[in-house]
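Quick note: the coordinates plus some simple rules give every number you see, no bench work behind them. Source: prediction; values computed, not measured. Here the Cβ positions follow ideal geometry from the backbone for every residue, glycine too, while neighbour counts run over all protein chains shown.
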2 protein chains.
Amino acid sequence: MSTDAPAPRRRRGRPSREDAGEGPGARERILAAARGEFAERGYDKASIRAIARRADVDPALVHHYFGPKEQVFEAALEVDFAPAMELPEVIFGGASTGGGGGAGSGVDEGAGERLTRYMLGVWESALTREPLLAVVRSAVNNEAAAAIFRRVVVRNVLRRVTPRLAGPDAELRAELAVAQLVGVAMLRYVVKVEPLASAGVEEIVARVAPVVQRHLAGA
Amino acid sequence: MSTDAPAPRRRRGRPSREDAGEGPGARERILAAARGEFAERGYDKASIRAIARRADVDPALVHHYFGPKEQVFEAALEVDFAPAMELPEVIFGGASTGGGGGAGSGVDEGAGERLTRYMLGVWESALTREPLLAVVRSAVNNEAAAAIFRRVVVRNVLRRVTPRLAGPDAELRAELAVAQLVGVAMLRYVVKVEPLASAGVEEIVARVAPVVQRHLAGA
């Protein structure tokens, strides 16, 4: 029974890893805290200090794992934006493996519909919609957040999609396809204008998929 | 020389109209102050008190002219959104007067291009872009602001456009046309993703106008 053993002496200099809150899962805890903080308060108002408090760690540990606020945001965004990582498979991974088809356009004739359905699916579920909305809010409110968002989109989506599209202006066309879907999301889920806000998914797919296909395949 | 005449006694009860800052142009001054306040601080953080301070009037006068904050925002939005009031003429006022044409679709074959050029023009100029961006920010950040935005769009644009479009789902189609343009604006002017952000207007018109036309005219 060493109840009167001397307490460990740790108050010199930087906090020990244990005092700092490090331990199993500290990195994941910080990341979850960062996502919550950015979602609730937006990029502008979020702070490393508040993230550390939520994760119950020392602010220095947040910096140790992720760097400054911009990089914490980028790491959080990568998680919130995870559904977008699947876009290349959604676009190119049609029924027929091996890609191709569709008159040398690089996409088969079902790509526009798959992409439209996938994006609507992500926005229809509150679980995936809310983090996305938080990202949109931060990007609209803050130039630095917009730049990080842009970098993540380019790295994780555009760079993996556009080289596989055939025809001229493939990058521009991919972005215009996404623009149609982003606009639908803004009007349907953010502004909530009728009848778009209450239209059935099939109704929207019927009108939007051909347009998305047109952009992807080239006119 | 009545320098020692008694000062006017006005401190009883409500401030006089003059003390409140009323006078020629007070309403316009308040409206300009409101637009500035909402643009700079967003719907959430803007306050009647701050608007009154900017306009150099009594807060009661702001309420007298416009009502509560939601209604001040709506009045400011109507001004910032003025370019959108012209959309019906842009869509239907083509070269050939009398409307019609285009196989009974309600729009002539140039409508999609005119609408695309007009929207890009509004966003290309900082003078018209900045107020619009401020509105988008407020709508994205705040549900009440989004509801007011929606009401203004429906009243001033959709209700004047969709009854003149032929074919089924005219309202939905009008919104999908706008969605394509809203998405382009978001990616080009807010997220600034390349190559869309630096593409020439003609390049964008060439790819987007046919899609907008398709929505307006019905497939």
Problem set entry | B:HIS64 versus A:ALA126: modelled label distance in nm, points set 7 Å from Cα along the beta carbon direction | 4.5 nm
Seminar exercise, completed: The size of the Cβ-based charge dipole (Lys, Arg +1; Asp, Glu -1) of region B:81-217 about the Cα centre, to the nearest 20 debye, is 360 debye
Exercise. What is the gain in length, in nm to one decimal, between A:GLU89 and A:GLU194 on full extension, counting 0.36 nm per residue of separation less the C-alpha to C-alpha distance?
Worked result: 34.6 nm
Exercise. Where does region B:81-217 land on the Kirkwood hydrodynamic radius, alpha-carbon pairs, in angstrom?
Worked result: 15.4 Å
Seminar exercise, completed: Karplus ³J(HN,Hα) for region B:159-176 (6.51 cos²θ - 1.76 cosθ + 1.60, θ = phi - 60°; Hz, whole; x = Gly/Pro) runs 5, 9, 9, 5, x, 8, 7, 8, x, x, 6, 4, 5, 4, 5, 4, 5, 5
Problem set entry | Taking N as its residue count, the alpha carbon Rg of region A:123-190 over 2.2 N^0.38 Å | 1.21
Exercise. Which of the aspartates and glutamates could a cross-linker bridge to A:LYS45, judged by Cα under 13 Å and excluding same-chain residues fewer than eight apart?
Worked result: A:GLU37, A:GLU70
Exercise. Can you give the mean number of other chain Cβ atoms that lie within 10 Å of the Cβ atoms in peptide A:169-175?
Worked result: 5
Exercise. Projected area of region B:26-76, taken from the Cα convex hull and averaged over every viewing direction, in nm²?
Worked result: 2.7 nm²
Seminar exercise, completed: Per-residue average of other protein chain Cβ atoms inside 10 Å, peptide A:154-160 -> 1
For this session: Scan chain B for the residue whose Cβ is closest to the axis carrying it onto chain A, then write down that distance in whole angstrom.
Result: B:GLY183, 2
Problem set entry | Shielding score for B:56-63, defined as the mean number of other chain Cβ atoms within 10 Å | 0
